[in-house]
1. I'm checking my understanding of the structure. Among residues of the range 127-178 that are without any contact (Cβ under 8 Å) to a residue 24 or more places away in the chain and in contact with a helix residue (DSSP H, G or I) (Cβ under 6 Å, 6 or more places away or on another chain), which one is farthest from residue 30 (Cα to Cα)?
2. Evaluate the range 9-20: report whether one residue or more is part of a strand (DSSP E or B) and surrounded by 16 or more Cβ atoms within 10 Å (Cβ to Cβ).
3. So which residues in the range 15-62 are at positive phi and more than 19 Å from the chain's Cα centre (by Cα), if there are any at all?
4. Part of a loop (DSSP other than H, G, I, E, B) and outside the structural domain of residue 80 (by TED's automatic domain parsing): does that describe residue 168?
5. Going by what's in this entry, would residue 31 be described as in contact with a strand residue (DSSP E or B) (Cβ under 6 Å, 6 or more places away or on another chain), surrounded by 17 or more Cβ atoms within 10 Å (Cβ to Cβ) and either farther than 30 Å from residue 164 by Cβ or in the same structural domain as residue 203 (by TED's automatic domain parsing) (or both)?
6. In a helix (DSSP H, G or I), out of contact with any helix residue (DSSP H, G or I) (no Cβ under 9 Å at 6 or more places or on another chain) and within 15 Å of residue 58 (Cβ to Cβ) - does that describe any residue in the range 30-41?
7. Looking at this structure, is residue 67 surrounded by fewer than 21 Cβ atoms within 10 Å (Cβ to Cβ), modelled with pLDDT under 95 and assigned by TED's automatic domain parsing to the domain that holds residue 12?
8. Given the criterion at pLDDT below 95, surrounded by fewer than 18 Cβ atoms within 10 Å (Cβ to Cβ) and on the phi < 0 side of the Ramachandran plot, identify the matching residue among 181, 167.
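The values are calculated or read from the model by the stated rules, or taken from the named source; none is laboratory data. Because the structure is predicted, anything quoted here is derived from the model rather than measured. Neighbour counts run over all protein chains shown; Cβ positions are idealised from the backbone, glycine included.
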């Protein structure tokens, strides 16, 4: 990671911690779908795993840390804190929209496709069984879209749909990521972009780890 990116993320994390500390623990629990853990902590599921957050210090650690230690990627920490701070409590609507349809999403669409959708198509375009296993591991439920699709609850109140079209003799593989129509009520567009990229990476990493 370039030094300027490191500083950008460190600054964003510190700001996220400050904003999180301003919201009461009771309000966070009321709106986010997280569960209490003692008097000053909460547990939330993100990307198929459980994380423990200390309030108001905003320290985050995975609940199951034996295999990979206590490290949580900085962008994941930022996303978790942003969600806990900004979530408004609305349940997923079940209506899907593209990234182009979120506020100003069209301005970021090319980069989002390059970093999130294209890697999924490349990795799973000829491997539907691996795609299915990874999505199910993250709590996905099948959808009737594309050749294979799953709705994944990336946060308790925020779902993403991952869709795969398999490669054939005429067309290369394609992938798409859709957002529940309420997504922008919980996270800003920049966060939704990073969220889609991070979960796509987790789907790929899950599969690659199983093959090692």
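1. 148
2. No: the range 9-20 contains no residue that is part of a strand (DSSP E or B) and surrounded by 16 or more Cβ atoms within 10 Å (Cβ to Cβ).
3. 38
4. In short, yes.
5. So residue 31 fails the test.
6. No: zero hits.
7. yes
8. On inspection, the qualifying residue turns out to be 167.
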